[in-house]
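Report on the structure given below.
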Amino acid sequence: MTKTFTARCACGAVEAELSGAPLAQMYCHCTDCRAWLNAPVHAATGWPAAQVRLTKGADDVIAYKRTEKSHRKSCGRCGGAVLVEHPEIGVTDVLASNIEGFRFAPEMHVYYAERMINMKDGLPKFASMPEAVGGDGKLVAE
């Protein structure tokens, strides 16, 4: 049986169902995530897009597309961030903190060159992204 999770905005008006497991879990330090979340770092989970579907509140979803690479979706009622669609790579990023009963186990840092805070945790720190998802694969020293 496939495991399913529910992700919600802050007020619960918008919900998404996630099935299976994420492709990757990471900390994102990009300027866009930080600005969108008003936080120094984003705990991200990247799921195959086909494994994420909105199940509640689709009419309440507002989208922000700074670029065509990232379509950020939030709740129009509470303003809470819900997910980020990355259509070019077929991945949907769901905020780990919004996923009920999910154990966040980060494997890496991405966009660490843009970081606001240093995080010494022994995880790989990519200047941008790993090569497998279109980045240059360059690592930054801890």
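Worth pointing out:
- Some residue of the range 7-22 being touching a helix residue (DSSP H, G or I) at 6+ places or on another chain (Cβ under 9 Å), surrounded by fewer than 16 Cβ atoms within 10 Å (Cβ to Cβ) and either of a type in the set (Phe, Trp, Tyr) or at positive phi (or both): yes
- Residue in the range 31-45 that is touching a residue at least 12 places away in the same chain (Cβ under 8 Å) and in a loop (DSSP other than H, G, I, E, B) present: yes
- Any hit, the range 56-74, residues being more than 12 Å from the chain's Cα centre (by Cα), within 17 Å of Glu107 (Cβ to Cβ) and either surrounded by fewer than 17 Cβ atoms within 10 Å (Cβ to Cβ) or modelled with pLDDT of 95 or more (or both): no
Yes or no, residue by residue, for (1) under 24 Å from Lys138 (Cα atoms); (2) hydroxyl-bearing (Ser, Thr, Tyr):
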{"site": "Thr4", "(1), (2)": "no, yes"}
{"site": "Cys9", "(1), (2)": "no, no"}
{"site": "Cys30", "(1), (2)": "yes, no"}
{"site": "Tyr64", "(1), (2)": "no, yes"}
{"site": "Ser70", "(1), (2)": "yes, yes"}
{"site": "Gly76", "(1), (2)": "no, no"}
{"site": "Val84", "(1), (2)": "yes, no"}
{"site": "Glu88", "(1), (2)": "yes, no"}
{"site": "Glu107", "(1), (2)": "yes, no"}
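- Members of the range 2-17 that are over 11 Å from Ala96 (Cβ atoms) and either in a loop (DSSP other than H, G, I, E, B) or of a type in the set (A, V, I, L, M) (or both): Thr2, Lys3, Cys9, Ala10, Cys11, Gly12, Ala13, Val14, Ala16
- Per the listing Glu142, Glu100, the residue uniquely among the charged types (D, E, K, R), more than 20 Å from Arg34 (Cβ to Cβ) and either modelled with pLDDT under 95 or in contact with a Phe, Trp or Tyr (Cβ under 9 Å, 6 or more places away or on another chain) (or both) is Glu100.
- A single entry from Arg77, Arg53, Arg72 fulfils the requirement of being touching an Asp or Glu at 6+ places or on another chain (Cβ under 7 Å) and part of a strand (DSSP E or B): Arg53.
- Test: residue in the range 83-90 that is surrounded by 20 or more Cβ atoms within 10 Å (Cβ to Cβ), touching a residue at least 12 places away in the same chain (Cβ under 8 Å), farther than 16 Å from Met129 by Cβ and under 11 Å from the mean Cα position of the chain (by Cα): yes
- Annotation: Pro40 fulfils all but one of (1) out of contact with any Gly (no Cβ under 8 Å at 6 or more places or on another chain); (2) surrounded by fewer than 17 Cβ atoms within 10 Å (Cβ to Cβ); (3) farther than 26 Å from Lys138 by Cβ; the unmet one is (3).
- Residues being part of a loop (DSSP other than H, G, I, E, B) and surrounded by 15 or more Cβ atoms within 10 Å (Cβ to Cβ) - total across the range 91-102: 1
- Residue list for the range 103-118, filter: part of a loop (DSSP other than H, G, I, E, B), charged (D, E, K, R) and closer than 14 Å to Cys33 by Cα: Arg115
The values are calculated or read from the model by the stated rules, or taken from the named source; none is laboratory data. This is a predicted model, so every value here is computed, not measured. Cβ coordinates were reconstructed from backbone atoms using ideal geometry, including for glycine residues, and neighbour counts include every protein chain displayed.
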